[in-house]
Amino acid sequence: MTSDPNASPFVLQPPNPLLIVISGPSGVGKDSVLEKMKSRGLPFHFVITATTRAARPDEKDGVDYFFLSQDEFARMIDEGELLEYAVVYQDYKGIPKSQVRQALASGKNVIMRVDVQGAETVRKLAKDALLIFLTPQNEDELINRLTNRNTEDTESLNLRIATTRQEYNKIGLFDYIVVNKDEELSEAVDMIEAIIKAEQHRVHQRVVNL
């Protein structure tokens with residue numbers, strides 16, 4: 001809430017827009033959480049990530065990701081058009097800066113999905129970003145999800161599992177942890193919505209500057 005010394009103490013100012021980062025290890029359900037939030041018609045701006053990896057059969061360009069060539073992605077890096085970017089399993093992923101700034105300027109809460117490395121970069125750029133770490137109940141549950149996706153060979157799967165173990169060392173960067181249990185997606189989304197509502201009722205509001 002912005003402060004105005006001349007405003008009546010009985011007139012509440014609208015809350016500041018939040019930059020909400022949904023992160024966590026590969027296979028934890030970040031995409032599923034965002035899709036569930038979208039299906040509820042929440043008045044947020046959902047950031048679309050740019051990536052150089054190939055689209056999976058059920059993914060659409062401009063909806064799930066912006067699927068770019070290596071050259072297109074390199075141009076965005078050179079021209080400073082990305083809020084953050086990283087190499088993830090030999091492919092680039094990044095957040096276009098302009099869409100985040102425009103959405104925040106319009107007063108909308110902005111929600112983005114990034115890996116843990118990306119969340120660390122966002123924290124450095126915007127200390128008041130709201131970082132939420134999504135996790136399964138346990139490691140066995142995560143391994144089962146990764147295995148059942150059938151999108152990686154054994155070597156790639158083992159790399160993802162090893163990376164996940166390292167990512168849990170970064171939990172201290174985050175503000176909240178939300179458990180996304182198997183078959184209980186709605187419960188995880190309910191918790192994230194409750195966190196956002198609570199943050200919008202803080203006396204000392206987060207102020208995001210990019």
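Of the residues T135, T147, T154, T121, which single one is out of contact with any Lys or Arg (no Cβ under 8 Å at 6 or more places or on another chain), polar (S, T, N, Q) and within 22 Å of N209 (Cβ to Cβ)?
Going through T135, T147, T154, T121 in turn, the sole match is T121.
Residues to consider are E167, E193; find the one that is buried (at least 16 other Cβ atoms within 10 Å of the Cβ), within 18 Å of the chain's Cα centre (by Cα) and among the charged types (D, E, K, R).
So the residue among E167, E193 that is buried (at least 16 other Cβ atoms within 10 Å of the Cβ), within 18 Å of the chain's Cα centre (by Cα) and among the charged types (D, E, K, R) is E167.
Mind listing whichever residues of region 192-208 are assigned to a loop (DSSP other than H, G, I, E, B) and closer than 15 Å to L131 by Cβ?
Correct list: R206, V208.
Right, V208: surrounded by 15 or more Cβ atoms within 10 Å (Cβ to Cβ), touching a Lys or Arg at 6+ places or on another chain (Cβ under 7 Å) and of a type outside the set (G, A, S) or not?
Against the criterion (surrounded by 15 or more Cβ atoms within 10 Å (Cβ to Cβ), touching a Lys or Arg at 6+ places or on another chain (Cβ under 7 Å) and of a type outside the set (G, A, S)), V208 does not qualify.
Check every one of the strands (runs of 3 or more DSSP E) wholly within region 79-191 and list those with 3 or more residues that are over 26 Å from N16 (Cα atoms), in contact (Cβ under 8 Å) with a residue 12 or more places away in the chain and not hydrophobic (A, V, I, L, M, F, W, C).
By residue number, 91-96.
Name, by its number, the condition in (1) in contact (Cβ under 8 Å) with a residue 60 or more places away in the chain; (2) under 25 Å from I196 (Cα atoms); (3) out of contact with any strand residue (DSSP E or B) (no Cβ under 9 Å at 6 or more places or on another chain) that does not hold for R56.
Of the numbered conditions (1) in contact (Cβ under 8 Å) with a residue 60 or more places away in the chain; (2) under 25 Å from I196 (Cα atoms); (3) out of contact with any strand residue (DSSP E or B) (no Cβ under 9 Å at 6 or more places or on another chain), the odd one out for R56 is (2).
So if I check each of L34, L42, L19, which one is closer than 18 Å to K197 by Cβ, at pLDDT below 90 and not charged (D, E, K, R)?
After ruling out the rest, the residue left standing is L42.
What's the number of the only condition in (1) in contact with a strand residue (DSSP E or B) (Cβ under 9 Å, 6 or more places away or on another chain); (2) surrounded by 12 or more Cβ atoms within 10 Å (Cβ to Cβ) that E184 fails to meet?
Of the numbered conditions (1) in contact with a strand residue (DSSP E or B) (Cβ under 9 Å, 6 or more places away or on another chain); (2) surrounded by 12 or more Cβ atoms within 10 Å (Cβ to Cβ), the odd one out for E184 is (1).
Being buried (at least 16 other Cβ atoms within 10 Å of the Cβ) and either under 15 Å from G27 (Cβ atoms) or touching a helix residue (DSSP H, G or I) at 6+ places or on another chain (Cβ under 6 Å) (or both) narrows it down to one of T135, T121, T147, so name that one.
Result: T135 is the single residue among T135, T121, T147 that is buried (at least 16 other Cβ atoms within 10 Å of the Cβ) and either under 15 Å from G27 (Cβ atoms) or touching a helix residue (DSSP H, G or I) at 6+ places or on another chain (Cβ under 6 Å) (or both).
Take V189 and tell me if it is touching a helix residue (DSSP H, G or I) at 6+ places or on another chain (Cβ under 8 Å) and among the hydrophobic types (A, V, I, L, M, F, W, C).
When the stated conditions are applied, V189 passes them.
Restricting to region 83-99, count the residues that are crowded, with 21+ Cβ neighbours inside 10 Å and among the aliphatic types (A, V, I, L, M).
Result for region 83-99: 2.
The values are calculated or read from the model by the stated rules, or taken from the named source; none is laboratory data. Note that the coordinates shown come from a computational prediction; the quantities given were computed from them, not determined experimentally. Every residue, glycine as well, gets a Cβ built from its backbone with ideal geometry; the counts of neighbours run over all protein chains shown.
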